1. Report, in deg cm²/dmol and to the nearest 500, the calculated mean residue ellipticity at 222 nm for chain B, where each DSSP H run with n ≥ 4 adds -39500 (n - 2.57) and the sum is divided by the residue count.
2. Specify whether the C-alpha gyration tensor of segment B:156-296 places it in the rounded, prolate or oblate class, a ≥ b ≥ c being the square roots of the eigenvalues: rounded for a/c under 1.5, otherwise prolate if a/b is larger than b/c and oblate if not.
3. Could you list B:ASP183, B:ASP135 in order of exposure, starting from the residue whose Cβ has the fewest other Cβ atoms within 10 Å?
4. Averaged across B:134-141, how many Cβ atoms of other chains sit within 10 Å of each residue's Cβ atom?
5. How many angstrom lie between the C-alpha centres of segment C:76-113 and segment B:282-358?
6. Beyond a 32 Å Cα-Cα separation, which of these cross-linked pairs lie in this structure: B:LYS24/B:LYS48; B:LYS305/C:LYS53; A:LYS148/B:LYS179; A:LYS94/B:LYS341; A:LYS24/B:LYS179?
7. For Cα pairs less than 8 Å apart in space and 6+ apart in sequence, what is the mean separation divided by the residue count of chain B, i.e. the relative contact order in percent?
8. Enumerate by residue number the trypsin sites (Lys or Arg not before Pro) in segment C:17-53 meeting two conditions: DSSP loop (anything except H, G, I, E, B), and at most 16 other Cβ atoms within 10 Å of the site's Cβ.
Amino acid sequence: MSKAFEKAPFLLAKADAFITWAQKNSLWPFGSGLACCAIEMIATAAARYDIARFGMELFRASPRQADLFIVAGTVTNKMAPVIRRLWEQMPDPKWSLAMGNCAIGGGPFPTYSVLQGVDKVIPVDVYVAGCPPTPQGLIHGLMILQKKIALSHPTKEILDPDARHNR
Amino acid sequence: MAFKEIDLNMGPQHPSTHGVLRLKLAVDNEVVLRVEPVLGYLHRGMEKLWENLTYTQVVPLTDRLDYLASLSNNLGYVLAVENLAGIEVPKRAQYIRVVLAELQRQASHLAWLGFMANDIGAMSILLYGFEAREDILDIFEEYCGARLTVHGIRIGGVVHDLDAALVPRIRTVLKAIPKRLRDIRALLDENRIWKGRTVGVGLITAGDAVGYGLTGPALRASGVAWDMRKDIPYSSYGDFAFDVPLGENGDVYDRYLVRLEEICQSIRIVGQALDGLPSGEFSSKVPRTLKIPPGEVFHTIEAPKGVLGFYVKSNGTDKPERVKMKSPSFINLQSLEHMCKGNLFSDVVGILGSLDIVLGEIDK
Amino acid sequence: MPGTTADRPELRRTSEALAGRFADALLSSVVEKGELAVRLRKDDLAAVLHFLKDELGFNALEDIIVLDNLCAAGEGRPRFSVLYQLCRFPGAVRVRLAVEVGENDAVASAFPVYRSADWAEREAFDMFGVRFEGHPGLRRIYMPDDFEGHPLRKDFPLAGRDGGV
C-alpha cells in the first residue's frame, strides 16, 4: 500500500498539512512540574497568559493521555528514572520541551545530585532558556515547537513505523 | 467489612503533591492508617554548593528554595549574614524590605489558596488567585525585572531604591486585593462542599503541634500565638501595628481562614510602611568581596510558610564555612501523618494543601 | 538591628540555671549575638535536653546542625560537631548546645525529648554519617537508599563521585 501512496506525494503532503495542523493546535501538555519553573508554567496556563488560546489548556496528570512533556524544573539523579519511565509511558506521537536552565543543563546546580540536563534521559525537541523563563518565553518556545511540528511528516511515520525513531 | 490493608503510592509525579513528593499510604478501605513521605526527589545539594560560593553569590540561590516566596528566603539569609558581619542596614532599606517581604507574603498566600482550592476541586479559585497574584508580580517586575526568583534583597540593603512612581502603583494593587478576596470568600467561606471537606479534617491540637515543631500559619490555626515578627522583631517590624490571626480548632478550615486574614494584615503593614517611608540610603556600603571573621549565628524570620532560619558559620575567608537552612516546610511535613490518621484518604490532598509545603524548601 | 544583638536577661538566667545543675558537664557557656552557646560532652546531652525542656520550658527544637571539622580533626579533635538549636516560645529565647562526635561514634538521639528531631537526625545521618542511638528508624532521607558516601562531608566532591545517572 505504501508503494501506491508514494506515487501520490501531493496527497501525502496535504494529509501531512492537515494532521500537523490538528496536532499543533491541540497539544495536551503533561506538566511535569518539578521546581520553580512549574510555577511559571502554571502562570502561563492561568488567566493572564492563557495557554488555552493555543489549545493547550488541558494539562493531563497521566502521561498516557498527554502528548507534550514539559520538563519544568531541576531533574535530580533520584528523579531521572521516574522521568524516563513517564516518557516511555506516553504514547506516540509525543514531543518534549525542556523548560528552564535546570532542565537544559543542570542550571545553577553543578552538584552531586542534579542531572546536568534532562536530554541525558529523554530526547528533547525544544529548549526554553531562563531561570525561570517568563510566561512569554514559554509561549515563544511553544510556538517554535508548533513550527517544528508543522514541518514534520506524520504520514511517513504512519506508513513506515521505523521512521518514527529517526524523527 | 473485613480489615484489609492496602498500600498506595502517591507521587512523585502527582498533580496534588505540590512538587515531587512521594507519599506511601497504608489505607484500610478508605481510612488512612499510615503516611510515610519519601523525600529527596528535588535535593539539589544547595548547602554543599553554598560552601563553594561567596556570601554574595549565595543570595540568588536562596531564591530557589521556597520559590513561591523568594524574597523571604533572601531576607532570612542576608539578615543572618549582616548579623554575623555586623553590617548596619539603613532605616529606609529596612522599610523597603518590609514592603517587599509583605507583598511576597501576599503573593505566596494567594498561590497557596489557588493550589489548595484546585486540589479540593474548586478550579476557578486557581485562576482567581493567580490573577490576583499577577498584579503583585507586575510590581516586582517593575521594581527589579524578575517575577518569581526576585533576588531583590541583597546584603546591606535592597537592590534598587523604591521609585516614587512605584508607590502609587503599589497602593492601587493593595486596594484591589481585598476586592478579589471578597469574591473568593463569597465562593468558599460558607460553601457547603468546601466546609464539608475542610471542617474537622486534619485536626491537630496545640500541644501536639508544638511537640512536632510546627510553625507558621498551620501552628497559629491551632491557637498558638507564635510569630517571629512579634517575638523578635527584625527589619523594623516593631514599628508597625498589626494583628496575628489565630484559629481555634486546628483543622484545615482554620488554616484556610488564618492565611486569608494574614493577607489582610499584610496589606495593613505595607500601607504603614509606605506612609512612613524614611529618606536615606537604600543600601549600606558592603565590600565587593565580603570577608567575615570567624563566628557563627542562627537567625530566623517569619516566612509565609513558617519560621525560616539560617545558621551561618564564617571562617575568615570570603566563603562561608557552613550554611544550614532550617526549613519550615520540612518540619511541618513531619506532622502530616498525625493529621491524616483516621481521615479518609481523599482528605490527604486537602490536608497536604493546608500545610502549604514547597518541595524546593524541603529538599534543599 | 539592636534587638537581636543585645544581651538579654533571660539568657543569663538560663545560663546560670544550667551552670547550677550541670557545673562539671559544661565545657563552656557564652552569651553573644542574642544567643546562649553551650558546649558539653556528648554523654551529658540527654540529661541536659530533658532539663531544658522539662524544667526551663524550652519547648522547641528548631534545628540540628552538623559541622565537619575535617581541617581541625587532625589535632585530635573529634570529626563532627553536632549543634542543637533550642528555643522557648513565646518570647523566642534561644540556646545552642554543641557536642563533639567522632567519625565512628554515636550520640544519643533527641527524639525521646523532642519529636521534631526525627527527620533532622535522619538528615544529619544522610549528609554526614553521624549516628543517633535511640532513633526509631535511622535511614537516609534525601539520597537514594543505595547511595554511597555522605555528601556534606568536606572530603566529598561537589560534583559527586560516580558521574550521576
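1. It lands at -15000 deg cm²/dmol.
2. Here segment B:156-296 falls in the oblate category.
3. The most exposed by this proxy come first: B:ASP183, B:ASP135.
4. 2
5. 18
6. Flagged as over cut-off: A:LYS148/B:LYS179; A:LYS94/B:LYS341; A:LYS24/B:LYS179.
7. After rounding, I find 27 percent.
8. Answer by residue number: C:ARG41.
Readers should treat all values here as calculations from the given coordinates under stated rules, not as data from a laboratory. Given the structure is predicted, the values throughout are model-derived calculations rather than measurements. Cβ sites come from the backbone with ideal geometry, for glycine too, and all protein chains shown count toward neighbours.
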